[in-house]
Amino acid sequence: MKFMELGFRPDTFYTVEAVRSVSSDLQNDLIIQVKSTKYLLHKFPMLSKCLRLKNLVSSQSQESETSQDQKVIQLVDFPGETEAFELCAKFCYGITITLSAHNVVAVRCAAEYLGMTEEVEPGETENLVQRLEHFLTSCVFKSWKDSFITLQTTKALPSWSEDLGITSRCIEAIANGVNTSPGDDFANVMETGLSRNRSRRRRDESLCNGKAENSRWWGEDLADLDLELYQRTMVAIKSSNRNVSPRLIGNALRIYASKWLPSIEECSPVLESVISLLPTERSAVPCSFLLQLLKTANVMNVSPTSKMELAVKAGNQLDKATVSELLIPLSDKSGMLYDVDVVTMMVKQFLSQISPERRPTRTQHRRSRSEDEIQEIRRSLSSSSSFPPLLVKVAKLVDSYLQEVARDVNLTVSNFVELAESIPDLSRISHDDLYKAIDIYLQVHQKIDKTERKRLCRILDCKKLSVEASKNAAQNQLLPLRVIVQILFVEQARAAIATTTNNITKNETAVLRRSFTTRREEEEDVERVEIRPNGGFQSTPSRFMALCSIPRQPKKMFCKLLSISRSLSQRI
């Protein structure tokens, strides 16, 4: 920390019965009242530096001639405490004073109030205001740490600091200090989340500011600011520092939110500010932190716009969420325990990032027992559709989430179905988890009517149930009869397909065996062909023709076998 000393004389101020005086051979002729403290001073050193005191004494000169009593000058609206006034008075007497980032704001405001400028005696040496400005510009604002300390001290005199431009200059210095190469006094240690990992810090120091000298990162220091100063500082950092990565901004916001949100009763302004400062980049803030903010926002009186912004940002990286993080409490009059609508909104936001050509579409399930349905079951068992893996992960996440919220007695069928149908069909490789969620819902909500029960089970694709799930569903009395019949039909179709596959495999094996046996016999016949004396061959024409009719290339032979297999499957 940098400091500046002014003056060269020793301190001669002393206190007698709550009155501050200066040890001098001359009798004091100036009495000044600051707050509850009275000062017995001398006019010459004080009036030669303070324009306000000079004007006040001049206006009281006529009254002083008629009255023998010495009047007290009341400084009622003096900014700051008596310590700042005493430092200004010592400067007038030439007594040594020490200025630093801790007291420069108070002394600067006091000097401005007293009018300690060059207007008092033009041509003389620099007055206190000019020296303080030089100290701020050349020392304080060149140091990130001193700028931060000075910014904190402006809370005591917010209006004066704002009018003198101290607050804005401190914020500008801090913003520039985060971006530029730091000096020895910069705090540049990175912290991810709330845990302090030294190896991770060393790696992130290069991302932020370079080498680190102190044990605190700038995000931790800024967390000590109040809401208004913090918001202004972060806005300045985001706007003037293009080299600061969004991830660092997100980590700084996490530290601030973790410090202030649990500690204050009315945290809505803090939450609104943190939301407004969130970076727009997708992975700048972890999804877990966004969902934590969303949980707090649902409990507090936060604007719908802020909730929507959090839901959109969390939906962009929904694949990184967990079921417990998605259990967002709901505090409205509906009685529902969890906010299912916001999860549905996040799923739709996640799907909006996928290109339409890669996005699976929802198809209606056919219920007729036709040959087309058997073919569809066969394709579902044998084909492997191509779709984004992250969408499959989100589909599993939603099905697991439905199993948890299905236990809510106030959850409506509409909310359940809307969330389940927000996931495209092809994203669900298996419907086992969805069936578990439906089963749990039917167990908890046994009083729902037949229409809602059918509507709920219509989202279930029986063709994507495993054998174990199908056995359980076939014995589930809570399911509609039509669904149970369909499950039994699907199982019968599967059994028929399995039998057909076994028969085809046996037929292919027999054909291959006969083909290889015939080929081996013909090769043996070729070896028994007699050679004529003139070098010609003696062979039976029929055997020669049979030998020529055998496929010479294995590829042609397997093609014939494949056509046989296809013809058998089509008959079935």
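With distances taken between every two different alpha-carbon atoms, the stretch 126-183 has a Kirkwood hydrodynamic radius of 11.7 Å. Site pair Lys142 and Ala496 shows an inter-label distance of 9.0 nm when each label is modelled 7 Å from Cα along Cα→Cβ. Highest-first packing order for the peptide set 140-151, 6-17 is 140-151, 6-17, based on the mean count of other beta carbon atoms within 10 Å.
Here's the picture: a label point sits 7 Å out from the Cα of Phe8 along the beta-carbon direction, and within the stretch 88-119 the residues with their amide nitrogen under 19 Å of it are 90-99. Per the Debye formula on identical point scatterers at the alpha carbon atoms of the stretch 449-494, with no solvent, log10 I(q)/I(0) at q = 0.14, 0.29 Å⁻¹ is -0.29, -1.13. Judged by the gyration tensor of its Cα atoms, with axes a ≥ b ≥ c, the stretch 278-337 is oblate; a/c meets the 1.5 cut and b/c is at least as large as a/b.
Only alpha carbons enter this Debye calculation for the stretch 256-300, each as an equal point scatterer, and the log10 of I(q)/I(0) it gives at q = 0.14, 0.24 Å⁻¹ is -0.31, -0.88.
Measuring between their Cα centroids, the stretch 391-449 and the stretch 283-354 lie 18 Å from each other.
Each principal axis of the Cα atoms in the stretch 1-121 has its own extent, and those three values, largest first, are 52, 30, 27 angstrom.
Quick note: the coordinates plus some simple rules give every number you see, no bench work behind them. Note that this is a predicted model, so its numbers are computed, not measured. Neighbour counts run over all protein chains shown; Cβ positions are idealised from the backbone, glycine included.
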